[in-house]
Amino acid sequence: MSELLKKAKKEKRSLLMGDDQKLIPVKIPLDIPQLDSILGGGIPLGRMMEIFGNWGVGKTYLAQIVIAAFQKKGYVAAYVDNESRYDPLWFQNTGIDISKLYVSQPSSGEDALDTVIFMIKEKIGVIVLDSIAALVPTSELEGSMDDNQVAAQARMLNKALRKIREANRAEEDSDYKGTAFIAINQMRSGIGPFTSYMLPGGQGQQYFAAILLRVSKGPKFEEHGKKAGFYIKCHTEKNNLAEDHQECELPFRLEGTIDTVMGLTEIALDLGIIVRKGPYFIYDEKKVMGKLALIEEIKLDKKLRKEIEEKIYKK
C-alpha cells in the first residue's frame, strides 16, 4: 500500500487505486439470458435503475422478476407501494416469497422516499419504488385543488435522490456492496408539435439512474391457433455499466410468467447456436421439425437446456 493510501485510510478518506476489485460493480443476474445480456450481466448493486413505459406493458412485473431473482440469491427485498398495487397472490405468482418481503404503503411522497433512504441504510439488498409518478408532496396533499404546486414533485425527488446516492455506497471493509434501487415511472406525452414523451418527477432522475430501461408492448404470439401471450420489449436508453441502446423481447404468457425456454430458443437462433433449415431446427446432431416441438423438447430435457444456456452466456 502506498503512503498516500495509508494516510487516506488513517484520515478515513475514500481513496483507492483504479484497479482495486472493490471498485468493480457487483451485478446480480436475473437468469433470463436476453435481459441479462442487454443489462450487461444483471442488476448492479449500489446503483439506481429506472423502469419506465406506458400503462399495461409489464413495468411492475419486471420489477417483481428482479425481486424474485434477488431473493433466490439470498438478498433481502422491499417493495414501496405508493400506488396501492400490491397483490400477494400476483407477487407469489412471479416466484416471490412474500413472507420475506418488506412492503411499505407510505402516506406521502416524502414518506416514501424517506422509507427508501431508511432501508438503504439498513442494507436491504433490493428496493422497488412503485412509482415516481405517484409520489405526492405533502404540500400538495394538504393544499387545495387550485393551489399552484409548480415543480414541487421534481424538487422533492431531486433532493431525495441526492440523499439516496450518498447513502447507497459500498463499504470498503465489509461484504456490503450497496443496494439495488429500482424506480418505476410512467411515460407522459410531451408538449409540442413533435411526438415526444416526458417522465414525471423532473429531469434529475435521468442523470441519477445508472440504467434507464424503457418497456413497451410487442407483438402477440399464438399456440395451437389460440392467443398465448405477447412480447415485452425492453430497450436500454441509458446504461452506465454496459453498452446502451440494446434491445430484447421477452415472451410473456397470459397466465403471468415469462416463457424462459421460448426466449432461450430465440436467442440461441439469433446467435447461431441452433440453426434453422426450412421447417427443421438443428442443434448438434439433434434435428426437430417445428419451433413449438423444439421448445417442448428443450423444456423436457433439462440437460439440453443447461447446455444451450451455457453456450449463450459464453457467447
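The values are calculated or read from the model by the stated rules, or taken from the named source; none is laboratory data. Since we're looking at a predicted model, the values are computed, not measured. We place every Cβ from the backbone using ideal geometry, glycine too, and count neighbours over all the protein chains shown. What goes into the accessible areas is simple: the full protein's heavy atoms, side chains included, and nothing from ligands, DNA or RNA. Shrake-Rupley method; radii C 1.70, N 1.55, O 1.52, S 1.80 Å.
Per-structure values
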item	result
Candidates V288, V275 - the one that is touching a Leu at 6+ places or on another chain (Cβ under 7 Å) and on the phi < 0 side of the Ramachandran plot	V288
Every residue from the range 239-254 that is in contact (Cβ under 8 Å) with a residue 60 or more places away in the chain, out of contact with any Ser or Thr (no Cβ under 6 Å at 6 or more places or on another chain) and not in a strand (DSSP E or B)	N240, L241, A242, E243
The range 259-282 residues that are closer than 15 Å to Q34 by Cα, paired with ones that are of a type in the set (S, T, N, Q) and surrounded by 15 or more Cβ atoms within 10 Å (Cβ to Cβ) (beta carbon under 9 Å, 6 or more apart)	G263/Q34; L264/Q34; E266/Q34; I267/Q34; I267/S37
Residues of the range 62-92 satisfying the condition of being over 17 Å from the mean Cα position of the chain (by Cα) and in a loop (DSSP other than H, G, I, E, B)	G74, N82, E83, S84, R85, Y86, D87
Pick from the range 171-188, criterion of a type in the set (S, T, N, Q) and either over 17 Å from the mean Cα position of the chain (by Cα) or open to solvent by less than 10 Å² (accessible area, probe 1.4 Å) (or both), ranking: farthest from A210 (Cα to Cα)	S174
Single unsatisfied condition, G225 versus (1) farther than 21 Å from Y61 by Cβ; (2) surrounded by 14 or more Cβ atoms within 10 Å (Cβ to Cβ); (3) at pLDDT below 95	(2)
For V103: the one exception among (1) among the hydrophobic types (A, V, I, L, M, F, W, C); (2) open to solvent by 90 Å² or more (accessible area, probe 1.4 Å); (3) farther than 22 Å from K177 by Cβ	(2)
Selection from the range 141-170 of residues that are among the acidic types (D, E), over 23 Å from the mean Cα position of the chain (by Cα) and either surrounded by 16 or more Cβ atoms within 10 Å (Cβ to Cβ) or under 30 Å from Q21 (Cβ atoms) (or both)	none
Unmet criterion (only one of (1) touching a residue at least 60 places away in the same chain (Cβ under 8 Å); (2) part of a loop (DSSP other than H, G, I, E, B); (3) within 22 Å of A170 (Cα to Cα)) for K123	(1)
Residues of the range 126-153 satisfying the condition of being over 23 Å from I184 (Cβ atoms) and either assigned to a loop (DSSP other than H, G, I, E, B) or modelled with pLDDT of 95 or more (or both)	G143, S144, M145, D146, D147, N148, V150
Of all residues in the range 1-41 being of a type in the set (G, A, S) and free of Cβ contacts under 8 Å to residues at least 40 places away in the same chain, the one that is nearest to Q71 (Cα to Cα)	G18
